[in-house]
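Heads up: the structure comes next, in structure tokens.
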Amino acid sequence: MSTLEIKDLHVEVETEAGPKQILKGVDLVIASGEVHAIMGPNGSGKSTMAYSVAGHPKYTITQGSVKLDGVELTQLSVDQRAKAGLFLAMQYPIEVPGVSVANFLRTAKTALSGEAPKVRTWVKEVNEAMSRLGLDETFSSRSLNEGFSGGEKKRNEIVQLELLKPKFAILDETDSGLDIDALRIVSEGVNRYMAEGGHGTLLITHYTRILNYIKPDFVHVFVDGRIVTEGGPELAENLEVEGYDRFVKMAAAA
Amino acid sequence: MSNLDAATEAIASHLHPTASYNLADHALPTGKEEIWRFTPLEPLRPVLEGASADAELAWSGELPEQVSHAELSKEDVVAAGAQAPFDRVAAVALDHAAQSARIDIPAGLEVADPIVIDAVGRGGTVYGRTLVNVGAGASVTLVLRHRGLANYGELTNIVVGDGARLNFVSVQDWDDGAVHAGQHSILIGKDARVKSVTASLGGKLIRLMETAKYAGTGGELEQFGVYFADAGQHSEHRLFVDHNLPNTVSNVDYRGALQGEGANAVWIGDVLIRKVAQNISTYESNKNLLLTDGCRAESVPNLEIETGDIQGAGHSSTTGRFDDEQLFYLRSRGIPEAEARRLVVHGFFADIIRRIGVPEVEQRLLAVLEKELDAVGLPAANNEEN
Ligand SMILES: Nc1ncnc2c1ncn2[C@@H]1O[C@H](COP(=O)(O)OP(=O)(O)OP(=O)(O)O)[C@@H](O)[C@H]1O
Ligand SMILES: [Mg+2]
């Protein structure tokens, strides 16, 4: 049983006009076995939260803490956070020219588990994971994300999720830009990951459609740098009908 | 080639110097000239001034029996219609070379294995004059590896016959104090295909003028380069592709990594598309990766277009440090910083290295790359906080 505990998280980014506060006190606890969905308007800070938890150098945490099973992540380097069990599927996965997917996956697996995976079983495992996500074998020799379509990049993120098996996964709009079949294929990947047990997912999304495939235990509404309300899956249905208006006004009044 | 030069009109250009066989046409530079302003002249003094040669490079290598070699005079070079010197070092070398080689690859000869020639310096001032004739329809890979120590000034001409295929690899793998300056010129025959790879790995100063032009329509040039400049090293590649005939193609891609105080790289990419050169296509690209503070890269692509009737012409040039986003992405998958940097640097050069097509040379480059990365003194994997 693991927990990811975000407490009073305040985050700034450096802008031309000086530091700008984006996160204004985020509190969130995820236990393994749980899926939490985060929904909120554009620019409300969802990606900022995802990136700052993962340790992106652009973001400065000015207050608060992020603990994974009691270990303070904010004191760790990016790769140490991954080693502690954190995974971030990015809204816009980065292209790395000249580094093949296969080499990247093997290097990551080796770094995370502290030993090189057994060649024979690993190659098979990789090929199977890719084929489950609808990526054929040619992808493993291609440069990481380079020239991948938007949907292929997202699928590749879930391939990594399945192979690297982190304790907690933050999926930042993994469903955006996916066609209908890909949405199902990617969702099944996330569900397989959850079904292995001992894993938790934080799913950032704009659409309730993915929540038909991946059932959230909790839904949080994110407005202006903090969580303004939370509830069960029915909250997402509500948002679909009513939009964020009510919460945006609430946040403005607060 | 004189009749070829007559056929293509002379054009006044500020971008590239005019070629001449006559040493008197190449004044001793002051350092203010466009073609010399990036170059530290001091180490070049001997080969610029024409100090007398007091040494030779030891050449070794095995030529297939059909391939002949002989001495080469300045007159031979002129008679062969080879490219005249563009700068003073090449002109001095042409006049002064005590060491010369003419290599003839007969028409139609196909050689599967690379022909590898080693040229090893043991100090001293050396001038070289080389001419390689690749006969029509021949197909060869020629690797020229420079090692050891020398002050080396040279002119190498390669004349590629119609329909021939040449893969030419020049490796500058000198010891630390070496100076190597000069000119490599390729004349590309009708429908010939040339791939050249220039790898400049070590030496105090490397300055190569690399030029190409066409002796017939339909010729194709792919020109790749890799260079590493360490503290105090100067690595300069000045390219000039002369699209002097229609339906010709050139594609240039040079990449360099710099590290350490005073590491210097210069890349000049001149492409001239003459009025007659209709339906040509050209692209040139240069990328520099600055691994540490204190290094400097000049990157100057120049396209001079005299006709609008072409398929395509473009260039790009980038110089930068590690991409933070790439490093973040790799590290977010648990890969430690030092290893993430290694992956990115290997990836940066991978496209070029895999095109060399000579495993020995590819492995040597990868080994030197490893050494470069070690020397950068990347932070230990796990000691950094965010
Ligand atoms: N360098 C910067 N300068 C100014 N503002 C910035 C900078 N970087 C981020 N921001 C702002 O931070 C806010 C939060 O951005 P973030 O990407 O976290 O939003 P988001 O909730 O993920 O939005 P979306 O739903 O569109 O993905 C945005 O208003 C963005 O413009
Ligand atoms: Mg976002």
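Key figures
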{"read-out": "Sites matching GluC sites (Glu not before Pro) across the stretch A:1-80 that sit in DSSP coil, with at most 11 neighbouring C-beta atoms within 10 Å", "value": "A:GLU16"}
{"read-out": "Sulfur and carbon atoms: percent of accessible area, the stretch B:3-321 [1.4 Å]", "value": "47"}
{"read-out": "R0 of 22 Å, Cβ-Cβ distance A:GLU146-B:GLU222: FRET efficiency to nearest 0.05", "value": "0.60"}
{"read-out": "Buried solvent-accessible surface, both chains (B, A), 1.4 Å probe, Å² to nearest 100", "value": "2400"}
{"read-out": "Rounded to 5, the percent of DSSP beta bridges in chain A classed as antiparallel", "value": "60"}
{"read-out": "Inter-label distance, nm, simple model (7 Å from Cα along the C-beta direction), B:ARG122/B:GLU298", "value": "3.7"}
{"read-out": "Neighbour-limited loop hits for trypsin sites (Lys or Arg not before Pro), the stretch B:336-367 (at most 16 other Cβ within 10 Å; DSSP other than H, G, I, E, B)", "value": "B:ARG354, B:ARG355"}
{"read-out": "The stretch B:3-321: C-alpha gyration tensor shape, a/c 1.5 cut-off, then a/b vs b/c", "value": "rounded"}
{"read-out": "Inter-centroid distance (Cα atoms) of the stretch A:96-152 relative to the stretch B:14-54, Å", "value": "51"}
{"read-out": "Solvent-accessible heavy-atom area per residue, rounded to whole Å², over the stretch A:151-225 at 1.4 Å", "value": "32"}
{"read-out": "Linear extension gain, B:ILE305 paired with B:ASP95, 0.36 nm per residue minus alpha-carbon span", "value": "72.2 nm"}
{"read-out": "Distance between the stretch A:1-54 and the stretch B:77-147 - C-alpha centres, whole angstrom", "value": "63"}
{"read-out": "Under 14 Å, Cβ to Cβ, from B:LEU63 - net charge with Lys/Arg +1 and Asp/Glu -1", "value": "-4"}
{"read-out": "Label-to-label distance, nm, for residues given as A:THR3 and B:VAL78 (7 Å Cα→Cβ offset)", "value": "9.0"}
{"read-out": "Beta bridges by DSSP in the protein assembly as shown, antiparallel share as percent, to the nearest 5", "value": "20"}
{"read-out": "Of all accessible heavy-atom area on chain A, the percent that carbon and sulfur account for (1.4 Å)", "value": "50"}
{"read-out": "Most positive-pole-ward Cα, A:HIS206, B:ILE353, B:ALA136, against dipole of the protein assembly as shown from beta carbon charges", "value": "A:HIS206"}
{"read-out": "Restraint check, A:LYS67/A:LYS118; A:LYS24/A:LYS249; A:LYS124/A:LYS167; A:LYS118/A:LYS153, Cα-Cα greater than 28 Å", "value": "A:LYS67/A:LYS118"}
{"read-out": "Full-extension gain in nm, B:GLU34 to B:PHE322, via 0.36 nm per residue minus C-alpha separation", "value": "100.6 nm"}
{"read-out": "Solvent-accessible area lost in complex, 30 Å² minimum, residues of the stretch A:63-81 relative to chain alone, 1.4 Å", "value": "A:GLN75, A:SER77, A:VAL78, A:ASP79, A:GLN80"}
{"read-out": "Cα gyration tensor shape for the protein assembly as shown, rounded if a/c is under 1.5, else prolate or oblate", "value": "prolate"}
{"read-out": "Value of relative contact order over the stretch B:72-128, rounded to a whole percent, pairs C-alpha under 8 Å and six or more apart", "value": "45"}
{"read-out": "Chain A: relative contact order as a whole-number percent, Cα under 8 Å and 6+ apart", "value": "26"}
{"read-out": "Where the stretch B:3-321 is the region considered: accessible area per residue in Å², 1.4 Å probe", "value": "36"}
{"read-out": "Net lengthening on full extension, B:ASP113/B:ALA375 (0.36 nm per residue, minus Cα-Cα)", "value": "90.9 nm"}
{"read-out": "A:THR229-B:LEU41 pseudo-label distance in nm [points 7 Å out on the Cα-to-Cβ vector]", "value": "7.8"}
{"read-out": "Net charge contributed by nearby residues that have their C-beta within less than 13 Å of A:LYS24 (K/R +1, D/E -1)", "value": "-2"}
{"read-out": "In the stretch B:3-321, lysine pairs with alpha-carbon atoms under 20 angstrom apart (chain gap of 8 or more, or interchain)", "value": "5"}
{"read-out": "Helical mean residue ellipticity (222 nm; -39500 (n - 2.57) per DSSP H run of 4+; nearest 500) of chain A", "value": "-11500 deg cm²/dmol"}
{"read-out": "Mean separation of Cα contacts under 8 Å, 6 or more apart, over the residue count of chain B: relative contact order %", "value": "10"}
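The values are calculated or read from the model by the stated rules, or taken from the named source; none is laboratory data. This is a predicted model, so every value here is computed, not measured. Cβ: placed from backbone, ideal geometry, glycine included. Neighbour counts: every protein chain shown. The area values use the complete protein model at the heavy-atom level, side chains included, leaving out ligands, DNA and RNA. Shrake-Rupley method; radii C 1.70, N 1.55, O 1.52, S 1.80 Å.
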